[in-house]
């Protein structure tokens, strides 16, 4: 029993804590098309319309050097929609996707997260260009990015960035995004952890039998 408890604790300790410790897959088909995207998210994650701008001083003037991605309070809330409504082809699975067609959007996390796995699939349209998906920490520092090609139908990203302290992910405008998967541990690493845990448990059983 002690050996099994130790193995369970060791395996748990190896997994980073946070919203994505066990992995999160954000799909958008359990809400109606046109719904607020935040109604389709969970774990304290939210999505907001984004624009790149500086902070303002007390007189409303730009403060040089403070440019960052910020919530655009003048834009409507981000929605979940059927890309077919906008002649963008079918959603990857199967009807709705996150609408960032007219403006970049930010996925905001309640606490800084370790991201070991990131996946996303774009809509079926072939109009657009190559743009970055960007990961930022709480100090607005860019810590990782990957490029999406919006001119490729159903372009997919499957990366293992392995970056800590992610506070937000900025998805570029001009596309729909679906099947957003974020996890602390990449799949290969998760399998290795499970194998290690199994070996520890097996070793404990062998030791008990030997003592007996």
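Descriptive notes on the structure:
- Relative to the current alpha-carbon distance between residue 67 and residue 103, full extension at 0.36 nm per residue lengthens the span by 11.2 nm.
- Label-to-label distance for residue 74 and residue 139 is 3.1 nm, based on points extended 7 Å past Cα in the beta-carbon direction.
- Cβ crowding within 10 Å, taken as a proxy for footprinting-reagent exposure, orders 142, 108 from fewest neighbours to most as 142, 108.
- Note on 136, 177: ascending count of other Cβ atoms within 10 Å places them as 136, 177, the fewest first.
- Kirkwood-based Rg to Rh ratio, the range 19-184, C-alpha trace: 0.96
- Potential extension, residue 86-residue 111 segment - 0.36 nm per residue separation minus Cα distance: 5.6 nm
- Label-point separation, residue 164 to residue 36 (7 Å along Cα→Cβ), nm: 3.5 nm
Bear in mind that the values in this text are calculations on the coordinates, not laboratory data. None of the values given here were measured: they were computed from a predicted structure. Reconstructed Cβ throughout: ideal geometry from the backbone, glycine too, with neighbour counts over all protein chains shown.
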